[in-house]
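A.B. asks: Following this message is one structure expressed as structure tokens.
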Amino acid sequence: MIRNYFKIALRNLKKYKIDSFISLSGLAIGLCCCIILIMYVRFEWSYDNFHTDKSSIYRLTERTVNSRNNQIRHNTIHPYPQSIALKEEFPEIKSLINISGGSAQFLKDGKYILEPIKFADPEFLSEFTFPLIFGDSKTALSNLDNIVITESAAKKYFGKKNAVGELMTIRLRDEPKDFMVSGIAKDIPANSSIQFNFLLPFDNQIISAPPEEQKTLRENWYIGFLETWITLKEGATKEDLEAKFPAFLERHYGSSWVERDQIKYGLQPLSQVYFNENYRSGVTQSSNKTYSLILGSIALVILLIAGINFMSLTLSRYTSRYHEIGIRKTVGAIRHQIKFQIIGEVFITCSFAIILGIVLAELLAPFSDVLFQKELDLSLISDPVLWISVLGLLVILTLITSLYPAVKISGENATSLFQMTDLHKKFQC
């Protein structure tokens with residue numbers, strides 16, 4: 001029977017070529033646009049979810065109020081000696097990781113290439129989930145002369161994945177220095193707010209400066225140049241640690257300065273870093289959550305319009321098939337056969353349109369970076385959420401589009417259907 005429905009559906013698609021093309025292409029294109037937009041929104045909301053211990057990683061933030069104009073300022077940049085004091089004074093802190101961004105010149109084929117880099121404490125690779133293909137994440141940044149690079153960087157500079165033990169000549173300031181590759185990290189996921197291809201031990205940020213500047217960076221509490229990331233021990237809570245920050249600030253900065261600028265420290269969960277544009281930094285990426293919500297709404301509107309267009313054309317097509325169905329009833333077709341025939345035909349037609357829409361989305365996904373200005377990881381075929389959504393859409397479209405004509409037409413007798421055919425012809429004339 002299903003085979004018969006399939007044949008009838010194909011025959012009607014050929015018979016009503018223009019209507020079929022408009023309905024199928026309209027739904028397919030609408031679904032294609034909807035899939036790409038929804039996948040982009042899902043991609044945006046997946047930022048930093050791959051970190052195993054994401055719930056225990058926080059960024060130290062600062063909120064101040066300008067005493068002259070009451071303007072609120074948000075900041076993530078902190079001085080180096082403060083991070084040392086935090087680690088010493090708060091036993092609930094498991095790890096305190098200093099991270100900063102910058103750039104350096106890398107020697108390749110006799111020429112220096114300017115590359116963005118990150119400086120981070122040795123615990124960085126242990127607390128964040130940036131797995132190493134080669135090397136030990138616990139010791140890869142323990143030596144000042146070490147460097148961790150991604151597999152893409154290894155191929156670019158050495159032409160191979162395993163470049164552990166190789167030397168890289170890098171110019172951080174003026175003098176070039178050789179660093180040994182101690183680890184090869186997997187390419188950083190596109191949905192990571194922290195991106196890097198080259199990772200150096202944090203102290204290189206300080207020792208590469210002139211001697212007099214090194215002393216200032218190490219000892220001055222009022223010059224910020226790094227971000228402080230904190231992981232908490234089991235049992236410690238964000239709220240309890242934040243409650244201790246006011247006393248810490250008064251001890252080290254003085255109550256008058258803290259009260260004047262209304263300084264308040266907080267801990268920002270890793271899951272909130274990407275969608276918080278208040279805290280701009282040179283370490284992490286950020287975006288506006290509103291953009292995702294708008295794009296998600298546009299996707300639903302596109303799908304709704306495409307679905308309504310498809311249903312309207314499908315329903316109108318059945319008004320011209322009263323004669324055919326009347327003949328089927330005359331030769332003995334019973335009500336439930338007619339009903340399941342209509343539902344089966346609509347299901348097959350919807351399936352064609354949805355499959356075409358998925359194929360179009362899969363073909364266009366690699367070019368989505370042109371539209372969204374960022375390289376996305378859109379894996380449509382292997383996405384279970386996509387397939388569940390598509391199956392749900394298929395069932396909903398089939399039922400909404402086919403139930404009315406299935407119940408209405410199958411309930412009419414052959415004589416009524418022939419009369420309705422005549423009325424339809426007169427109306428067309």
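A.B. asks: Whose amide H sits under 5 Å from the amide H of LYS177, counting only residues 5 or more places off or on another chain, with H placed in the peptide plane?
C.D. replies: ILE170, ARG171, LEU172
A.B. asks: Moving to a separate point now. Which residues' amide hydrogens lie under 5 Å from the amide hydrogen of ILE57, considering only partners 5 or more residues apart or on another chain, with H built in the peptide plane?
C.D. replies: Placed amide hydrogens put LEU270 under 5 Å from ILE57.
A.B. asks: Determine, for each peptide in 175-184, 145-154, 205-214, the mean count of other beta carbons within 10 angstrom over its residues, then list the peptides with the highest first.
C.D. replies: Values: 175-184: 18.1, 145-154: 21.9, 205-214: 14.5.
Descending mean neighbour count gives 145-154, 175-184, 205-214.
A.B. asks: Also, quick follow-up: Cβ under 13 Å from GLY159's Cβ, GLY159 left aside: what net charge do those residues give with Lys, Arg +1 and Asp, Glu -1?
C.D. replies: Residues near GLY159 contribute +2 overall.
A.B. asks: List the pairs from LYS233/LYS264; LYS111/LYS155; LYS177/LYS233; LYS54/LYS87; LYS186/LYS244 whose alpha-carbon separation is above 26 Å, in the order I gave them.
C.D. replies: LYS177/LYS233; LYS186/LYS244
A.B. asks: Ordered by residue, what ³J(HN,Hα) values in Hz, to whole numbers, does region 38-49 give under the Karplus form 6.51 cos²θ - 1.76 cosθ + 1.60, where θ = phi - 60° and Gly and Pro are x?
C.D. replies: Going residue by residue, I get 5, 5, 5, 4, 4, 4, 4, 7, 9, 4, 6, 6 Hz, with x marking Gly and Pro.
A.B. asks: Still on this model: Rounded to the nearest 20 debye, what is the charge dipole size of region 207-307 about its Cα centre when +1 sits on each Lys and Arg Cβ and -1 on each Asp and Glu Cβ?
C.D. replies: 160 debye
A.B. asks: Which one, SER20, MET39, THR76, projects farthest toward the positive side of the charge dipole computed for region 14-77 from Cβ point charges (K/R +1, D/E -1)?
C.D. replies: Of the options given, the answer is SER20.
A.B. asks: GLU277: net charge of surrounding residues, Cβ under 15 Å, Lys/Arg +1, Asp/Glu -1, itself excluded?
C.D. replies: Once positives and negatives cancel, what remains is +4.
A.B. asks: Run the dipole for region 54-272 about the Cα centre, Lys and Arg Cβ at +1, Asp and Glu Cβ at -1, nothing else charged, and hand back the magnitude in debye, nearest 20.
C.D. replies: Roughly 560 debye for region 54-272.
A.B. asks: Next up: Tabulate in residue order the Karplus-calculated ³J(HN,Hα) for region 77-89, using 6.51 cos²θ - 1.76 cosθ + 1.60 with θ = phi - 60°, rounded to whole Hz; enter x for Gly and Pro.
C.D. replies: Whole-Hz 3J(HN,Hα) from phi for region 77-89: 8, 9, x, 5, x, 5, 4, 5, 5, 4, 5, 6, 8.
A.B. asks: I've got another one for you. Can you work out the Karplus-derived ³J(HN,Hα) for every residue in region 57-72? Use 6.51 cos²θ - 1.76 cosθ + 1.60 with θ = phi - 60°, whole Hz, and x for glycine or proline.
C.D. replies: Running phi through 6.51 cos²θ - 1.76 cosθ + 1.60 with θ = phi - 60° gives 9, 9, 9, 6, 10, 10, 10, 10, 10, 5, 5, 7, 10, 6, 6, 7 Hz.
A.B. asks: Residues with amide H under 5 Å of THR150's amide H, sequence separation 5 or more or different chain, H placed in the peptide plane at 1.01 Å from N; which?
C.D. replies: Residues meeting the criterion, in which the H sits 1.01 Å from N, are ALA185.
Throughout, read-outs are computed from the coordinates displayed, never taken from laboratory work. This structure is a prediction, so every number in the text was calculated from the model and none was measured. Cβ sites come from the backbone with ideal geometry, for glycine too, and all protein chains shown count toward neighbours.
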